[in-house]
1. What are the pairs, 6+ residues apart or on separate chains, where a residue within the range A:2-13 that is assigned by TED's automatic domain parsing to the domain that holds A:Gln40 and under 18 Å from A:Thr262 (Cβ atoms) has its Cβ under 7 Å from a residue that is more than 6 Å from ligand 1 (Cβ to nearest atom) and among the polar types (S, T, N, Q)?
2. So, in the range A:387-419, of the ones that are β-branched (Val, Ile, Thr) and open to solvent by less than 30 Å² (accessible area, probe 1.4 Å), which residue ends up nearest to B:Phe39 (Cα to Cα)?
3. What about B:Glu187, is it modelled with pLDDT of 95 or more and part of a strand (DSSP E or B)?
4. What number of residues in the range A:63-96 are at the interface with chain B (Cβ under 10 Å from one of its Cβ atoms) and open to solvent by less than 40 Å² (accessible area, probe 1.4 Å)?
5. Which residues, counting only those in the range A:172-229, are of a type in the set (Gly, Ala, Ser) and in contact with a Phe, Trp or Tyr (Cβ under 8 Å, 6 or more places away or on another chain)?
6. Kindly evaluate B:Phe157 against the criterion of being over 24 Å from the mean Cα position of the chain (by Cα), in contact (Cβ under 8 Å) with a residue 60 or more places away in the chain, open to solvent by less than 30 Å² (accessible area, probe 1.4 Å) and away from ligand 1 (no atom under 16 Å from the Cβ).
7. Name the residue, out of A:Leu320, A:Leu328, that is crowded, with 20+ Cβ neighbours inside 10 Å, more than 22 Å from A:Leu258 (Cα to Cα) and more than 20 Å from the chain's Cα centre (by Cα).
8. Is it the case that some residue within the range A:59-73 is of a type in the set (S, T, N, Q), more than 20 Å from A:Gly295 (Cβ to Cβ) and without any contact (Cβ under 8 Å) to a residue 40 or more places away in the chain?
Amino acid sequence: MKGQPLIVGAGPAGIRAAQALVAAGLRPLVVDEAPACGGQIYRQRLIPDGRSSRDLYGSEASKAEALHRDFAALDGRLDYWPQALLWNLRDGRADIMVEGTSRQVAYDGLVLATGATDRTLPVPGWTLPGVFTLGGAQIALKSQGCAIGSRIVFLGSGPLLYLVAWQYMKAGAKVAAVLDTAPFSAKFNLLRGLPLFPGIVLRGMRMTAELKLGGVALHYGVGDVRIEGASTVAAIAWRQDGLEHRLACDGIGYGLALRSETQAADLAGCRFAFNTRDRAALPERDAAGRTSVPGVYITGDGAGIAGADAAERAGERAALALLQDRGLPHDAARAATLEAELARIGRFRAVLEAAFPFPAHWMKDIADTTTLCRCEEVNAGEVRAAIANFGVHELNRLKAVSRVGMGRCQGRVCGAAAAELLAHETNRGIEAVGRLRSQAPLKPVPLTLALTAQQEAAE
Amino acid sequence: MSRRLDVDVAIIGGGLVGSSAALALRGLGFSVALLDKGFCGAQASGVNYGGVRRQGRPVEQLPLSQRAHAVWPRLKALIGIDGEFLRSGHLKLARNEADMASLEVYAAEVAEQGLDLELIGHNGLRERFGWIGDGVVGASFCAGDGHANPRLVSTGFAAAARRAGVEVLENTPVEGVTRDGEGFALEAAGNLTLRARFVINSAGAWAGPFAESFGEPVPLSRIYPSMVVTEPIEQMMSVNIGMEGGGIYARQVERGNIVVGGERALPLADPDFSRPRGDGALAIMNNAAALFPALRHAQAIRFWSGTEGAMPDKNPVIGPSGTTPGLIHAFGFTGAGFQIAPGVGEVLAELVRDGQTQTPIAAFSIGRFAGISARTDAGSGAGQNQEPQHSGELRP
Ligand SMILES: Cc1cc2nc3c(=O)[nH]c(=O)nc-3n(C[C@H](O)[C@H](O)[C@H](O)COP(=O)(O)OP(=O)(O)OC[C@H]3O[C@@H](n4cnc5c(N)ncnc54)[C@H](O)[C@@H]3O)c2cc1C
Ligand SMILES: Cc1cc2nc3c(=O)[nH]c(=O)nc-3n(C[C@H](O)[C@H](O)[C@H](O)COP(=O)(O)OP(=O)(O)OC[C@H]3O[C@@H](n4cnc5c(N)ncnc54)[C@H](O)[C@@H]3O)c2cc1C
């Protein structure tokens with residue numbers, strides 16, 4: 001008798017994985033921190049309001065509706081724990097915080113579909129109230145129906161920059177400007193994406209045009225960004241073509257594309273390898289999503305940034321791999337189709353990366369006084385001093401001597417910046433400085449977290 | 001590419017023991033190579049709880065512990081940083097009358113050693129340490145003990161050794177040591193060959209095979225103490241806390257985080273690494289919240305563990321090899337090497353220079369295991385209490 005597979009994450013990847021497992025007669029357990037299924041992009045609002053799914057998800061409304069509906073249809077044939085945080089993995093057991101207690105689950109097959117979060121780099125003033133990540137700004141709009149300010153600037157790189165600005169404008173918010181850190185010329189790369197996914201490229205162009213028509217100033221090649229304000233955001237200043245610019249605003253949405261949430265894979269013992277495109281260490285996996293640990297699969301944006309459409313396919317593909325590895329019937333033709341589609345999306349990702357490059361060079365000149373690690377309140381100058389005084393050139397050693405990445409977020413927010421700075425300071429490639437090792441709990445848990453009866457029984 | 005190096009002293013292992021020995025030896029004018037298989041201070045010495053405590057040690061450790069005690073306040077001068085060393089005092093709690101009685105016995109036994117222990121009753125505790133919850137009947141206070149930041153201290157000693165001219169070779173595992181004429185030949189990763197007149201075996205939990213290869217097998221096992229740290233909270237815990245009989249220890253760092261230890265972790269597939277078990281960490285957390293009411297609304301932000309070498313009698317092996325002149329051992333600190341390591345470093349330097357030391361170390365001789373054919377046990381984690389606790393039966 002085989003045990004129950006565990007799926008972590010009920011976004012597009014986790015939902016499609018669950019669906020495929022249920023179709024094969026398995027009964028997976030699906031856990032997600034969020035109160036409802038959908039993941040990041042298809043997040044549901046907290047309280048029903050007058051908005052339609054068209055209002056919420058725009059062009060992706062039908063995909064959102066299909067996912068929510070398909071997951072609801074699995075009711076009774078799987079176990080689903082919403083508001084359940086996976087906080088530890090060890091020896092084939094998962095520790096999950098749900099309803100105020102901790103349950104230990106012995107799983108047989110683990111599908112990690114933990115998605116991504118915003119990637120940023122520190123700039124002066126980035127910790128001021130009024131500065132949100134692009135994703136955070138979007139969540140405020142989607143799930144709470146509120147805007148992050150009354151005069152908003154969007155800053156960064158990546159498709160989400162224009163998308164969120166556009167969503168805000170459509171929702172009636174005052175968007176003062178979009179500041180793109182890449183030069184305008186980078187956008188010509190999108191033309192290479194036309195033959196692959198014409199619809200997506202044209203939709204992006206239409207959004208940009210509508211932003212312009214709506215009176216939103218678009219600036220390209222923005223650098224040396226400084227966010228100003230005494231207690232909250234008052235203005236943003238930057239340099240562009242050698243000229244100084246400044247704009248008053250009371251809300252800033254900022255993001256430099258996304259970063260994969262890989263900590264669970266780390267605790268599961270998966271081997272990692274450096275990925276040049278994402279400039280991050282990612283769990284090694286085959287085209288189906290098998291990691292280096294038998295029975296552990298990784299899928300969706302948590303395995304490397306590829307977007308929601310890829311996540312749906314990758315989730316299903318990983319589930320087929322799990323079935324095959326269990327010796328169950330699985331649809332090999334379907335698996336091949338999914339892999340081909342994923343490869344095509346992968347080629348498009350390379351185009352997007354060229355059109356929206358990550359400004360890694362920012363970290364070379366970051367001012368000593370700029371906060372690098374927000375949780376532990378460590379600035380760039382302190383990090384530089386720690387690198388020099390202790391002679392460290394590896395990221396975990398830097399964490400040990402400087403406290404960077406040691407706080408509540410465990411380096412989710414500052415890890416990329418710390419790695420880039422360490423690479424610059426030690427004249428190494430980013431791939432040579434190592435990656436932050438993850439520790440449980442994956443997110444903070446209350447000290448009084450109780451052990452449940454199940455857990456004692458399992459011992 | 002092969003490389004050759006000729007030094008007076010080769011040190012295997014750049015933990016706090018090896019790097020403090022390296023620094024002391026440079027101070028005496030020796031040429032020194034310090035080799036570590038990973039990064040100096042990344043194992044037990046850099047991830048431990050940070051207790052700088054003499055109280056509770058077996059009597060035979062106290063002279064060495066007192067010697068180290070004199071080094072801690074001089075860190076700034078010695079390695080350029082204070083390592084966040086705080087002479088806060090160490091308060092060892094008793095849960096019941098029997099535990100209080102054994103604290104009293106210990107205090108009487110070490111009365112001549114200069115620890116200046118103060119026994120505190122229930123009412124005294126209430127008055128002076130009101131933040132400690134119920135369920136404690138009394139305590140023993142050692143005002144001169146304290147705590148420090150192991151991440152900084154251990155890395156700091158290695159960095160200071162490098163600045164003083166020690167050849168620090170990281171990511172360079174020593175793969176073999178042989179006696180060679182008047183000295184030793186060491187083979188290390190990266191095709192490195194080292195010649196040295198003296199070798200110090202300070203390879204921590206990995207020291208066993210080196211001793212065994214010179215005909216001195218030791219019953220060294222591995223233990224993995226579990227640590228939990230909370231988010232920063234308001235300053236309240238003014239002293240380093242221990243518990244008679246073990247089970248829990250806690251301190252509050254300058255930033256406000258509380259570090260709590262107790263329980264045991266388990267090794268991962270690679271037994272050089274370990275992580276706390278989920279249920280073990282929860283037990284520590286619940287115990288801490290029960291003992292310190294102010295923690296009832298705090299959150300735990302991280303768990304960790306480390307690999308420590310442990311001896312069955314809880315005493316380390318320190319001193320010259322019984323079989324091989326020029327070889328000196330220093331390992332097996334059984335959960336309590338952080339505080340004494342800077343003293344051990346000085347003693348090791350004296351052993352190299354003079355062949356002897358004024359500090360009594362006879363109890364730590366490797367000779368006490370002669371005749372046992374004990375093999376190094378790569379260990380399940382079963383062992384003794386992490387912070388060796390004074391306990392009636394085990395004291396000689
Ligand atoms: C904030 C944000 C906004 C985005 N907006 C857009 C957009 O507008 N348009 C677009 O095309 N793409 C957007 N993206 C990208 C898009 O969301 C992803 O490509 C897509 O959602 C990936 O799907 P997934 O299933 O891999 O992960 P996700 O949809 O991110 O789902 C992962 C799920 O795992 C859960 N989870 C993670 N860790 C744990 C844990 N330890 N315990 C329990 N549950 C856990 C999370 O709660 C989440 O629900 C956005 C991404 C982010 C981060
Ligand atoms: C979680 C934890 C909590 C603790 N709490 C306390 C406390 O509060 N107070 C206290 O006094 N003590 C404490 N201790 C014990 C203390 O940390 C150790 O006793 C002390 O650090 C031992 O120092 P060391 O130099 O012998 O070992 P280590 O620091 O382990 O150093 C040994 C070094 O040898 C290297 N090495 C191994 N094999 C080779 C090889 N073949 N070639 C080259 N190098 C090699 C390793 O990489 C390592 O860096 C604790 C230990 C742990 C694990």
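The values are calculated or read from the model by the stated rules, or taken from the named source; none is laboratory data. The model shown is predicted, which means the values in this text are computed figures rather than measured ones. Here the Cβ is made from the backbone with ideal geometry for all residues, glycine too, and neighbour counts use every protein chain on show. For accessibility, only protein heavy atoms count, side chains too; no ligands or nucleic acids. Shrake-Rupley method; radii C 1.70, N 1.55, O 1.52, S 1.80 Å.
1. Qualifying pairs under 7 Å: A:Ala13/A:Thr299.
2. That would be A:Val392.
3. yes
4. Total meeting the criteria: 7.
5. Selection gives A:Ala177, A:Ala182, A:Ala186, A:Gly193, A:Gly204, A:Gly221, A:Gly223.
6. No: the conditions fail for B:Phe157.
7. Being crowded, with 20+ Cβ neighbours inside 10 Å, more than 22 Å from A:Leu258 (Cα to Cα) and more than 20 Å from the chain's Cα centre (by Cα) holds for just one of A:Leu320, A:Leu328, which is A:Leu320.
8. So far as the range A:59-73 goes, yes, one or more of its residues are of a type in the set (S, T, N, Q), more than 20 Å from A:Gly295 (Cβ to Cβ) and without any contact (Cβ under 8 Å) to a residue 40 or more places away in the chain.
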